[in-house]
1. In the stretch 445-476, what count of residues is obtained for those that are open to solvent by 50 Å² or more (accessible area, probe 1.4 Å) and more than 15 Å from ALA505 (Cα to Cα)?
2. Could you tell me whether the stretch 171-187 includes any residue that is open to solvent by 30 Å² or more (accessible area, probe 1.4 Å), touching a residue at least 12 places away in the same chain (Cβ under 8 Å), within 30 Å of PRO222 (Cα to Cα) and small (Gly, Ala, Ser)?
3. Quick one: is GLU387 out of contact with any strand residue (DSSP E or B) (no Cβ under 8 Å at 6 or more places or on another chain), open to solvent by 10 Å² or more (accessible area, probe 1.4 Å), modelled with pLDDT of 95 or more and of a type outside the set (Gly, Ala, Ser)?
4. Answer with yes or no whether SER408 is in a loop (DSSP other than H, G, I, E, B) and in contact (Cβ under 8 Å) with a residue 24 or more places away in the chain.
5. Consider SER404 against the criteria (1) farther than 30 Å from GLY31 by Cα; (2) more than 10 Å from the ligand (Cβ to nearest atom): it satisfies all of them except one. Which criterion is unmet?
6. Looking only at the stretch 43-65, which residues are part of a loop (DSSP other than H, G, I, E, B), modelled with pLDDT of 95 or more and open to solvent by 30 Å² or more (accessible area, probe 1.4 Å)?
7. Assuming THR457 fulfils every condition listed in (1) touching a Lys or Arg at 6+ places or on another chain (Cβ under 7 Å); (2) within 18 Å of GLY383 (Cα to Cα); (3) more than 16 Å from the ligand (Cβ to nearest atom) apart from one, which condition is it?
8. Which one is nearest to ARG388 (Cα to Cα) among residues in the stretch 465-511 that are of a type in the set (Ser, Thr, Tyr) and within 11 Å of the ligand (Cβ to nearest atom)?
Amino acid sequence: SSASHQVREELAKQVQLKKVQARVIKTGCFGFCKMGPLVVIYPGQTLYCLVKKEDVAEIVEKHLLEGQVVERLLYEEPASGERKRRLSDIQFFRAQYRVALRNCGLINPEDITEYIACEGYFALADVLLNWTPAQVVDAIKQSGLRGRGGAGFPTGRKWELAAVAEGPVKYVVCNADEGDPGAFMDRSILEGDPHSVLEAMAIAGYAIGAREGYIYVRAEYPIAVDRLERAIAQARQYGLLGRRIFNTNFDFDIDLRLGAGAFVCGEETALLRSAVGERGEPRPRPPYPAQCGLWGKPTLLNNVETYANVPVIIREGPAWFASLGTENSRGTKVFSLAGKVLNTGLIEVPMGTTLRTVVFDIGGGIPEGRQFKAVQTGGPSGGCIPERYLDTPIDYESLKQLGSMMGSGGMIVLDETDCIVDIAKFYLQFSQDESCGQCTPCRVGTKRMLEILERITLGQGQMGDLNELEELSREVMDASLCGLGQTAPNPVLSTLKYFRDEYEAHIRDKR
Ligand code: SF4
């Protein structure tokens, strides 16, 4: 934010003015959004929160010159009121386990040497010098990694399909078209650690036999685009992209494709069409991108967070990664925590962590003493989960069983003051606006559903509307071509399932 820039500039100025032996380093996001701008002082890992430009002189004077802590800028735990000094002592960070976000907030994303200092590009070197492509595919399969973009398809299986696909030309693509309301996981990884994605794509290129990669990134993410461009240029300069990487016969380079902000372009077939300049509309599958993707060639497509896990899986080994999480959902998951929760921000937890831990331990609970009502997961494709399921361990299957979805990782907490019908209407409106209009059930069905929801919130609904909503939902889900239409009714169905009394109260009380 501009406030963070001001703090950093002031810090650099004061450090120079007072001749302090310290380096001021810009990093990507720490994830503790509610408490920003943040300043961490090393050694000692002291975290200062909500720092303003006017606080900087005191930090420099007191902390850097006199070795004392500026108490008033330390984080205060909401539960105990205790002030915590070290970043790793704060509950928000303590309950997390960072794999995909490992470097975010730690390194300067605009300096490749900082990534290399954190063992960056070690996995690529190891793979190119010591592994066969089949061994790489095998490692990803054994790790149990599943796609973090929403569907949860096994990543190793995808790599295998692309590796065995016939053809001299293949492509590796990264889906950075994050579009769910309230989701900013991929954006933070690209802004905070762009090389982790470049390294993973080069590893994928080696594994499947591709020499070119493309990152399809939203143009509305200008900082991410800028950092990716810098990272690609630096990687080329260091011989980590381009010809004969690590003096092997492996050539691989990456280019960007900017998306114009259509949510449907996050769907893989629409993305691949848009990336080659066609209209971004989904097409029926098969053929799958692994057989027929960019320019009709075999293409491997994964999202940002999926790729960010790859270098660590290679370095630490698939067994290590598979030891995290649950039986069918291995590893960790990044979530953007938003809505009525004290600590909004970006978090990463092992799969299997309960919703209660996320909302109350990491999130710090509901502000102003209000009651928790529900947590919305999975964005417009997901649903609202009520309090009685707060102890559900988060994984792909358990969220689906509850009528919601993992999705890409958006998590919005609702409190007792939120109207559940308004929430369902908001998400359905989003899907309706973003429908590409190709198929009638999605284009018209969601519009009819929206009209019913509007009637209900205006106090003009009838009890029969609820059954009609359910019937229309089923038809839209069954007859739509792509994931957008197939999941658009989820927010309505899940709220009807768990909060039907609220719908009925609107109708009965005519409000
Ligand atoms: Fe387009 Fe909706 Fe059909 Fe998907 S389901 S192709 S978004 S009209």
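1. Residues that pass the stated criteria total 8.
2. First, the residues of the stretch 171-187 that are open to solvent by 30 Å² or more (accessible area, probe 1.4 Å): 182, 184, 187.
This time we only want the ones that are touching a residue at least 12 places away in the same chain (Cβ under 8 Å), so: 182, 184, 187.
Now restrict to residues that are within 30 Å of PRO222 (Cα to Cα): 182, 184, 187.
Keeping just the survivors that are small (Gly, Ala, Ser) gives 182.
There is at least one residue in the stretch 171-187 that is open to solvent by 30 Å² or more (accessible area, probe 1.4 Å), touching a residue at least 12 places away in the same chain (Cβ under 8 Å), within 30 Å of PRO222 (Cα to Cα) and small (Gly, Ala, Ser).
3. Numbers: out of contact with any strand residue (DSSP E or B) (no Cβ under 8 Å at 6 or more places or on another chain): no; open to solvent by 10 Å² or more (accessible area, probe 1.4 Å): yes; modelled with pLDDT of 95 or more: yes; of a type outside the set (Gly, Ala, Ser): yes.
Judged against the criteria, GLU387 is not a match.
4. Details: in a loop (DSSP other than H, G, I, E, B): yes; in contact (Cβ under 8 Å) with a residue 24 or more places away in the chain: yes.
Yes.
5. Every condition holds for SER404 apart from (1).
6. Let us first name the residues in the stretch 43-65 that are part of a loop (DSSP other than H, G, I, E, B), namely 43-45, 49-52.
Going one step further and asking which of them are modelled with pLDDT of 95 or more, we end up with 49-52.
Within the stretch 43-65, LEU50, LYS52 qualify.
7. That leaves (2) as the condition not met.
8. Here is the first cut: in the stretch 465-511, the ones of a type in the set (Ser, Thr, Tyr) are 473, 480, 487, 494-495, 498, 503.
From what is left, the residues that are within 11 Å of the ligand (Cβ to nearest atom) are 480, 487.
On the way: SER480: 32, THR487: 23 Å.
Among those residues, the one meeting the criterion is THR487.
The values are calculated or read from the model by the stated rules, or taken from the named source; none is laboratory data. Everything numeric here is computed off the predicted structure, so don't read it as measured data. Cβ atoms come from the backbone with ideal geometry, glycine included; neighbour counts cover every protein chain shown. To get the accessible areas, we keep the full protein, side chains included, count just its heavy atoms, and leave off ligands, DNA and RNA. Shrake-Rupley method; radii C 1.70, N 1.55, O 1.52, S 1.80 Å.
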